[in-house]
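Colleague: Attaching a single structure in C-alpha cells format; questions to follow.
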Amino acid sequence: MAETSVAVGQQILPLIDHLARICRRAADAAMADGSLRPRHLIALTLLSERGPMTQHAVGAALSLDPSNVVGLLNELEERGLITRRRDPADRRRHIVEVSAAGADELAQTYAQLGQVEDGLFSMLSPEQRATLHALLAEAVAGLSTTDCAPEPSCLATPSGYAETRPAPIAVAAPCLEPDPDCLGPEPPERG
C-alpha cells in the first residue's frame, strides 16, 4: 500500500466535500431564482479578471470542451451578461467580454455570496478567512498548472485589449443561518 503524507482521519477531500455541500445549500437559499449558476459565476469572474479573451482561451482557462464553452457562452449572451464579436485580426476567432449588465450581475452575486460567507464562516477571524482563501486559491492554481494547463498562448489577452481587474466588493456582515438539513442529498442545480 502506498504511503500517504496525510494521517488517517485528516484527509482534506471529505471536509471540502462536506463544506461545499453546506455552502451550496446556503447560497441556493439566499440567491433569487434566475441568479447566476456556479459555472456562470466562474466564467464571468474569469472574464472580469482577465478582460476580453478569445472564446478558445475561455474554454482552455475553464478546462471545458469547445462544445460546452459554446453552450455556456450562449447562455450568458442570451441574458446579456457578455458580448461576443469577431476578432478583427482573425475573423475565425470570437472575442468575449463581460457586458455592463454582466458586471452588475457579478457584483450583485458577489455581494449576496459575501453575506452567505459571513454567516457560514463567522467562527473564523478575518485573518483565518484570508488564509483559507489563499490556500484554496493556491490549490486551484496548482491544479491548473499541472493536470489541465492550457497553452500559454491561448490565455494571452488579445492585442489591443487592456488587462482589467474588478474592483473589490464591500459587503455588510448580516448573519445568514445555514440550512440545518445540510447533510441531505445535494439539491438539483437551478435552471
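The values are calculated or read from the model by the stated rules, or taken from the named source; none is laboratory data. Keep in mind that what you see is a predicted model, and the values were worked out from it rather than measured. Note: ideal-geometry Cβ built from the backbone for every residue, glycine included; neighbour counts use all protein chains shown.
Colleague: Looking at the stretch 47-55, is at least one residue in contact (Cβ under 8 Å) with a residue 24 or more places away in the chain and among the hydrophobic types (A, V, I, L, M, F, W, C)?
Modeller: Yes, the conditions are met somewhere in the stretch 47-55.
Colleague: Follow-up question, since we're still on this one. Please find, within the stretch 67-81, the residue that is nearest to Glu97 (Cα to Cα) out of those that are surrounded by fewer than 17 Cβ atoms within 10 Å (Cβ to Cβ) and touching a helix residue (DSSP H, G or I) at 6+ places or on another chain (Cβ under 9 Å).
Modeller: Gly80
Colleague: While we're here: Would you mind stating whether Pro187 is part of a loop (DSSP other than H, G, I, E, B), surrounded by 12 or more Cβ atoms within 10 Å (Cβ to Cβ), touching a Leu at 6+ places or on another chain (Cβ under 7 Å) and modelled with pLDDT under 50?
Modeller: Spelling it out, it is not the case that Pro187 is part of a loop (DSSP other than H, G, I, E, B), surrounded by 12 or more Cβ atoms within 10 Å (Cβ to Cβ), touching a Leu at 6+ places or on another chain (Cβ under 7 Å) and modelled with pLDDT under 50.
Colleague: Just checking: which of the helices (runs of 4 or more DSSP H) contained wholly in the stretch 86-171 hold 2 or more residues that are modelled with pLDDT of 95 or more?
Modeller: Qualifying helices (runs of 4 or more DSSP H): 100-120, 126-146.
Colleague: Right, here's the next one. Out of Asp28, Asp33, Asp87, Asp17, I need the residue that is over 27 Å from Gln112 (Cβ atoms) and not polar (S, T, N, Q). Which one?
Modeller: Testing whether each residue is over 27 Å from Gln112 (Cβ atoms) and not polar (S, T, N, Q) leaves just Asp87.
Colleague: Are there any pairs with C-beta distances below 9 angstrom linking a residue in the stretch 25-42 that is in contact (Cβ under 8 Å) with a residue 60 or more places away in the chain and over 19 Å from Leu72 (Cβ atoms) to a residue that is of a type in the set (A, V, I, L, M, F, W, C) and part of a loop (DSSP other than H, G, I, E, B), with the two at least 6 apart or on different chains, and if so which?
Modeller: Matching pairs, first to second residue: Arg25/Cys182; Ala26/Leu176; Ala26/Cys182; Ala29/Leu176; Ala30/Leu176.
Colleague: Right, here's the next one. Check Leu120 against each of (1) more than 24 Å from Ile22 (Cβ to Cβ); (2) surrounded by 15 or more Cβ atoms within 10 Å (Cβ to Cβ) and name the one condition it does not meet.
Modeller: Answer for Leu120: the failing condition is (1).
Colleague: Quick one: which of Ala111, Ala103 is in contact (Cβ under 8 Å) with a residue 12 or more places away in the chain, among the small types (Gly, Ala, Ser) and either touching a strand residue (DSSP E or B) at 6+ places or on another chain (Cβ under 8 Å) or farther than 24 Å from Ile16 by Cα (or both)?
Modeller: On inspection, the qualifying residue turns out to be Ala103.
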